[in-house]
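To keep things clear, I will list the structure first and then write my remarks on it.
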Amino acid sequence: MKWSLVAMIYSTRRRYVVVTIFFTTAFWLTIELILLSYTNRLNVEISRADINQFSDSRRAATFAFEAKEASIEEFKAVYVTLIPPNPSGPGERGEAVYNDQDDPAQVSKEKDGYKKYSFNELASSKISLERSIPDNRPDECLSLKYPTRLPTASVVIIFHNEAWSTLLRTVHTVLARSPLEYLKEIILVDDHSNYEGYAHLNEKLSSYIQQFPKVQLIRAKTRQGLIRARLIGAKQAKGDVLVFLDSHCEANYGWLEPLLARIAHDRTIVVTPDIEVIDLRTFSYAKGKGGYNRGVFNWELTFKWRALPDYEKERRNSDADPIRSPTMAGGLFAMDRTYFYEIGSYDTEMSYWGGENVEMSFRIWMCGGSLEILPCSKVGHVFRESQPYKIGEGAIDKNNMRLAEVWMDEYKQIFYAMRPQLKDRTYGDLSERKALREKLKCKNFKWYLQNVIPELDIPDMYPHGRGEVRNLGTDQCLDTLAKNEAGGEPGMYVCHGMGNNQFFMYTKKNEFWHDDFCLDLVSGDPNTKVKLYNCHRLGGNQKWEHDRDGRIRHVLHEVCLDVEGDSLVVRKCDNRQTQRWRFSAYPEEDRSKISHSDVL
């Protein structure tokens, strides 16, 4: 009886233990199923701690969504914020920051910042490295989805004597607003900064980036310039796509995915984000949707922004569609890494910066690729009005001459006509670049003009007048005074023989032409200002008469250009010396006297 009772008690205990084990197991199994259900939504295949151990060559990112496509809102779920948000902090939501002008210390620091960096570094230093900024993407972008299997990116950032806040804000926003599984690495290349004046770029920077496994720092032993420093960074890159950024940018949410998706669609497409303006004085971030411009160039080979022509507007079905761009600004772009080298990377005989963006743009289009701006990818950029550091003397001129000689065929003569001072300059050995053009079986420059930028005005090869326009009474020259925009008022300035703002042509349509703008006079009243407006080829307000060493007379209003101090005025035509003008060349008149090559 005793043993029977013991057995019953033992049996009862065992049942309780079994029941307890059953419910405990069921509880944890339920928890596991809930967690599994959540993680299946992202289907994370590997923890972020192991991401950096992966090597890949055209491998898909190390995580995948359950769906084959995802919106930017869904991608945001895997972004990693590094700095806690501060909604009331300076500059949040892209707002402007103003320094206290009644505080002598702040005034002094602000002035010093402009001197060292050509922007308001004091204002920048007050702003979080991951501040909130407006989402200016077109509405059509918000519903777009991108493949969840994308190539990986190596982001290459070159800096020289850069401010701490702008450099680190570039790094932080790239890290915090990119899916880390697609971001293979960030490669910082220090182009031989001056550590005496910019000590923060030395040991402080090396120590700071150690917290970021994806960030590496390369230091050039000598000054390389942007072009060669980028080649140093590209050589170290392991990602499928090279993304080049300037060192004073702010990446916006969803900036990377559209770039990678477009390149995954076609590796010969070179893409740039839609670049938004960060004000250099207040660091306010642009709030508008943008004007949908694209990159072009003028015949001095300077990059320009221009509104979309009608044929490009008609080609696009949505504001989210890529914009085909004849040229790119060159500071921010993405390109398949293998294709970058296949098509010739950079011309290594170009130095520092300037002209390399136009050269690459011509080469991409002429050699089988294409160039696009993606409105759904937004990156802010501080546009400086001047450079705070020096570059090699004559570097930009040499770079432009190399690009003209290799890629522009007979049209290079227009460039030299506008830059006559370059006629006897040397540009180095071109054999390697010409061999590249032949190897790639590139189209000619005439094809580029007709098919990529047909709206570009091709100047007369033999205009009535060309070059500087010298006033014989004052010995000064007609000058746009850098007011190269519609409504700009030209004036008079000391003749410098460098072209640029003093280069004009007197066309066969009797216009005074400067870089797509013409001298325009709306009235013959003496108080009326001569202004620059887009050339319309219709005569009227833009039709003038001129003979060598003679007057410049407006045909419609029957008044003549005259000079008063540094101002350009119109007066009743008479014989005074200040109404007599001389172009540096009269090609049409002289073509019968000298050969074609000498004229141009």
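The values are calculated or read from the model by the stated rules, or taken from the named source; none is laboratory data. Predicted, not measured: the structure shown is a model, and the values here were computed from it. Cβ placement follows ideal geometry from the backbone for every residue including glycine, while neighbour counts extend to all protein chains displayed. Calculation scope for accessible area: heavy atoms of the full protein, side chains included, ligands and nucleic acids excluded. Shrake-Rupley method; radii C 1.70, N 1.55, O 1.52, S 1.80 Å.
Using mean Cβ contacts within 10 Å as the protection proxy, how do 209-218, 157-166, 317-326 order, highest first? Please list the in-between numbers first.
Working: 209-218: 14.5, 157-166: 23.4, 317-326: 17.7.
Going by the mean number of other Cβ atoms within 10 Å, highest first, we get 157-166, 317-326, 209-218.
With 32 Å as the limit, write out which pairs from 378/441; 398/543; 111/378; 287/313 have Cα-Cα distances beyond it, or answer none.
With Cα atoms farther than 32 Å apart: 378/441; 398/543.
What residues have an amide H closer than 5 Å to that of residue 488, excluding those fewer than 5 places away on the same chain, when H is modeled at 1.01 Å from N in the peptide plane?
Residues meeting the amide H criterion: 532.
What number, rounded to the nearest 500 deg cm²/dmol, is the helix-based mean residue ellipticity at 222 nm of the chain, given -39500 (n - 2.57) per DSSP H run of at least four residues and division by all its residues? Write out the running numbers ahead of the final one.
Details: 17 runs with 172 residues, N = 600.
Calculated mean residue ellipticity at 222 nm is -8500 deg cm²/dmol.
Each residue of region 368-376 in turn: what ³J(HN,Hα) in whole Hz from Karplus with 6.51, -1.76, 1.60 and θ = phi - 60°, glycine and Pro shown as x?
Values, residue by residue: x, x, 8, 10, 9, 9, 9, x, 8 Hz.
Can you tell me the dipole magnitude for region 465-589 around its Cα centre, using point charges on the Cβ only (Lys, Arg +1; Asp, Glu -1), in Debye to the nearest 20?
Details: 17 positive and 20 negative charges, 50 e Å.
Rounded to the nearest 20 debye, it is 240 debye.
Taking 8 Å as the Cα distance limit and 6 or more residues as the minimum spacing, I'd like the relative contact order of the chain as a percentage.
Values: 1157 pairs, mean separation 64.6, N = 600.
Rounded, it is 11 percent for the chain.
Kindly point out which whole DSSP H helices in the chain project their C-alpha atoms 30 angstrom or further along the helix axis while averaging a Kyte-Doolittle hydropathy of -1.0 or above. Spell out each step's value before the answer.
Numbers: long enough: 2-42 (60 Å, 0.74).
Going by DSSP H runs, the hits are 2-42.
Counting only heavy atoms of the protein chains, get the accessible area per residue of region 465-589 (1.4 Å probe) and round it to a whole Å² value. Show your work: numbers first, answer last.
Details: 5680 Å² over 125 residues.
Result: 45 Å² per residue.
Less than 15 Å apart at the alpha-carbon level, and either on another chain or at least 8 residues along: which aspartates and glutamates does that give for residue 508?
The qualifying aspartates and glutamates are 457, 460, 516, 545, 547, 588, 589, 590.
So what's the net charge close to residue 353: Lys and Arg +1, Asp and Glu -1, counting the other residues with Cβ under 11 Å from its Cβ? Working shown, then result.
Working: positive: 228, 230; negative: 191, 246, 356.
The answer is -1.
Keeping all protein chains in place, calculate the accessible area per residue for region 186-253 (probe 1.4 angstrom), answer in Å².
Numbers: 2820 Å² over 68 residues.
With the other protein chains kept in place, region 186-253 gives 42 Å² per residue.
Just one of (1) 252; (2) 180; (3) 215 is volume of the Cα convex hull per residue in Å³ as worked out from the coordinates here. Which one is it?
The calculated read-out lines up with (3).
Filter the chymotrypsin sites (Phe, Trp or Tyr not before Pro) in region 97-152 to those in DSSP coil with at most 16 other Cβ atoms within 10 Å of their Cβ, and list the result. Can you show the working numbers first?
Working: sites: 98, 114, 117, 119; in loops: 98, 119.
Sites meeting the loop and neighbour criteria: 98.
Along the positive direction of the dipole of the chain (beta-carbon charges: Lys, Arg +1; Asp, Glu -1; about the Cα centre), which of 133, 182, 578 reaches farthest?
Positive-end residue among those listed: 182.
Quick one: which of 274-283, 66-75, 541-550 comes out on top by average Cβ neighbours within 10 Å, and what's the full order, highest first? Each step should come with its number before you reach the end.
Working: 274-283: 20.7, 66-75: 15.4, 541-550: 17.4.
In descending order of packing, they fall as 274-283, 541-550, 66-75.
If I take every Cα pair under 8 Å that is 6 or more residues apart in region 190-269, average their sequence separation and divide by the length, what percent do I get for the relative contact order? Please report the intermediate quantities before stating the final value.
Working: 32 pairs, mean separation 22.0, N = 80.
Across region 190-269, relative contact order equals 28 percent.
Under 1.5 on a/c is rounded, so check that first for region 465-589, then, if it is not, pick prolate when a/b is larger than b/c and oblate when it is not; a ≥ b ≥ c are the square roots of the alpha carbon gyration tensor eigenvalues. Please list the in-between numbers first.
Details: a/c = 1.15, a/b = 1.04, b/c = 1.11.
Rounded shape, in that the Cα axes give a/c under 1.5.
Whose amide H sits under 5 Å from the amide H of residue 351, counting only residues 5 or more places off or on another chain, with H placed in the peptide plane?
For residue 351, the qualifying residues are 399.
Of all accessible surface on the chain at a 1.4 Å probe, what whole percent is carbon and sulfur? Could you put the intermediate results ahead of the total?
On the way: 14560 of 28460 Å².
Carbon and sulfur together cover 51 percent of it.
Straight distance only, please: which aspartates and glutamates reach the Cα of residue 68 with their own Cα at less than 19 Å, same-chain residues fewer than 8 apart left out?
Cross-link targets: 45, 181, 257, 266.
Which Cys in the chain stand alone, with every other cysteine's Cβ at 4.7 Å or more from theirs?
Cysteines lacking a close Cβ partner in the chain: 249.
Convert each backbone phi in region 449-459 into a coupling constant with the Karplus relation 6.51 cos²θ - 1.76 cosθ + 1.60 (shift: θ = phi - 60°), then list the ³J(HN,Hα) values in order as whole Hz, x for Gly and Pro.
3J(HN,Hα) across region 449-459, in whole Hz: 5, 7, 10, 9, 9, x, 7, 5, 6, 8, x.
Beyond 24 Å between alpha-carbons counts as too far, so tell me which of 126/184; 115/390; 115/184 fall in that bin.
On the way: 126/184 30 Å; 115/390 13 Å; 115/184 36 Å.
Too far apart for the 24 Å limit: 126/184; 115/184.
Quick query: amide H of residue 465 versus all other amide H atoms, modeled in the peptide plane; which residues come in under 5 Å with a sequence gap of 5 or more or a different chain?
Correct list: 506.
Applying the Karplus parametrisation 6.51 cos²θ - 1.76 cosθ + 1.60 with θ = phi - 60° to the phi angles of region 319-331, what ³J(HN,Hα) value in whole Hz is obtained for each residue in order, glycine and proline being reported as x?
Listing the rounded values in order: 5, 8, 5, x, 9, 6, 10, x, 9, 10, 5, x, x Hz.
If packing is taken as the mean number of other Cβ atoms within 10 Å per residue, what is the order of 498-507, 444-453, highest first? Let's see the in-between values first.
Values: 498-507: 21.6, 444-453: 16.1.
Result, highest mean Cβ count within 10 Å first: 498-507, 444-453.
Would you work out if region 344-434 is rounded, prolate or oblate? Take a ≥ b ≥ c from the square roots of the eigenvalues of the alpha-carbon gyration tensor; rounded if a/c is under 1.5, else prolate when a/b is larger than b/c, oblate otherwise. The partial results should precede the final answer.
On the way: a/c = 1.87, a/b = 1.23, b/c = 1.52.
Since a/c reaches 1.5 but b/c is at least a/b, the shape of region 344-434 is classed as oblate.
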